[in-house]
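**Q** Next up is a structure, given as structure tokens.
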Amino acid sequence: MKNTISTLIAMRERGEKISQVTCYDYSMARIVDAAQINTILVGDSLGMTMQGYSDTLPVTMEEMIVYGRSVVRGAPNAFVIIDMPFMSYQVSVEQAVSNAGRLIKETGANAVKLEGGAAVVQQIRAIVESGIPVCAHIGMTPQSANVFGGFKVQGKGETNARRVLEDALAVQRAGAFMCVLECVPPKLAALITSKVNMITIGIGAGAGCDGQVLVSQDLLAMSADFKPKFVRQFEQVGALMAEAYRSYDAAVKDGSFPTAAESYVKSDCGDEFLQQLGDEY
Ligand code: KIV
């Protein structure tokens, strides 16, 4: 069944938790969709997980569109949210609406996500008024890592806690239907969730949100040298993949792959003809 804004809001109202993971390509999207994950985020974290950058800042609109389209083709049931990359919405409200429109028209995603609280409410309002659902993203917003001095917990201390709560209320007033709370202290995230009507999705923000999001590569343990403190590695898929590649490499090199049964065409011309063909050349 297709997850929609209505089914997600109904889940929140019933107190059912909402699952979300990041995903960036068709084959993974098919697996995620078949696992009945409610929502997929085509995150600009793809700059790090898929492109090897140290942050999300270099990611372009064109790149988001290529990855986003692939995900949408593989996910008929999940509600697909696509990130607006750095500098695609900050410059002006007009540019924000135009880029949000491009992301939806050219990928088929269901909603856009953009980072920031009170500072981006005009953009959120205008995008929602143009008919595009918006997921906000507050707390630790990776596109502002240079301002925070790194990927750091936000909302610690009374002044910051008030600011994060005010950001949540501001994006809700502007029309956001969902808000990611990233690396916010758990009790503050739970308080925000109790004070808003929009869906809250936590990442490193405790169990008090309406749902949770994790980067797929983190939950599958696919980045050997990177494990944020809040991540649970649900399977060691990276190790499993490495083992499969090692077995393949060994089988190619010792000649045990492919067997006769593993050829595309099992038999065609007879031995006599092939002998003759070989002799001719
Ligand atoms: O880009 C991303 O993957 C995100 C999540 C970490 C929430 O914004």
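**Q** Could you tell me the relative contact order of the chain? Use alpha-carbon pairs under 8 Å, at least six residues apart, and round to a whole percent.
**A** 14
**Q** Going through the DSSP H helices of the chain, which span 27 Å or more along their own axis at the Cα atoms while scoring at least 0.5 as a mean Kyte-Doolittle hydropathy?
**A** Qualifying helices: none.
**Q** Moving on. May I ask you to derive the FRET efficiency for Ser267 and Glu106 from their Cβ-Cβ distance with R0 = 51 Å, giving the value to the nearest 0.05?
**A** The pair Ser267/Glu106 has a calculated efficiency of 0.60.
**Q** Choose one of Gly204, Ala261, Gly68: the residue whose Cα lies farthest towards the positive end of the charge dipole of the chain (beta-carbon charges +1 Lys, Arg; -1 Asp, Glu; about the Cα centre).
**A** Most positive-ward Cα: Gly204.
**Q** Something else: Taking the mean number of other Cβ atoms within 10 Å as a proxy for protection, how do you rank 76-82, 229-235, 45-51 from highest to lowest?
**A** 76-82, 45-51, 229-235
**Q** Once Rh for the chain is found with the Kirkwood sum over Cα pairs, what is the Stokes-Einstein diffusion coefficient at 25 °C and 0.890 mPa s, in µm²/s?
**A** The calculation lands on 120 µm²/s.
**Q** Kirkwood hydrodynamic radius (Cα pairs, Å) of the range 225-281?
**A** Here the Kirkwood hydrodynamic radius works out to 15.8 Å.
**Q** Order by neighbour count: Tyr248, Tyr89, Tyr281, Tyr26, fewest other Cβ atoms within 10 Å first, most last.
**A** On the way: Tyr248 11, Tyr89 25, Tyr281 4, Tyr26 15.
The fewest-first ordering by Cβ neighbours comes to Tyr281, Tyr248, Tyr26, Tyr89.
**Q** Beta carbons within 10 angstrom, averaged per residue: use that to sort the peptides 109-121, 252-264, highest first.
**A** Put in order of decreasing packing, that is 109-121, 252-264.
**Q** Quick one: plug the Kirkwood hydrodynamic radius of the range 1-122 (C-alpha pairs) into Stokes-Einstein at 25 °C, 0.890 mPa s, and report D in µm²/s.
**A** The calculation lands on 166 µm²/s.
**Q** Could I ask something else about it? Can you sort Asp25, Asp210 from fewest to most other Cβ atoms within 10 Å of each residue's own Cβ?
**A** Asp25, Asp210
**Q** So how far, in whole Å, is the C-alpha centre of the range 157-171 from the one of the range 76-126?
**A** One Cα centre to the other: 22 Å.
**Q** Same structure, new question: For Val215, Val128, what's the fewest-to-most ordering of other Cβ within 10 Å of each Cβ?
**A** Going from least to most buried by this count: Val128, Val215.
**Q** How far apart, in nanometres, would the label points at Ser92 and Glu158 be if each is projected 7 angstrom from Cα along the Cα-to-Cβ direction?
**A** About 4.3 nm, to one decimal.
**Q** Using 7 Å Cα-to-Cβ label points, what is the Glu280/Ala251 separation (nm, one decimal)?
**A** Taking the two extended label points, one gets 3.5 nm.
FYI, it's all coordinate maths here, none of it is from the lab. Keep in mind it's a predicted model, so treat the numbers as computed, not measured. Positions of Cβ are generated from backbone atoms using ideal geometry, with glycine treated the same way; all protein chains shown enter the neighbour counts.
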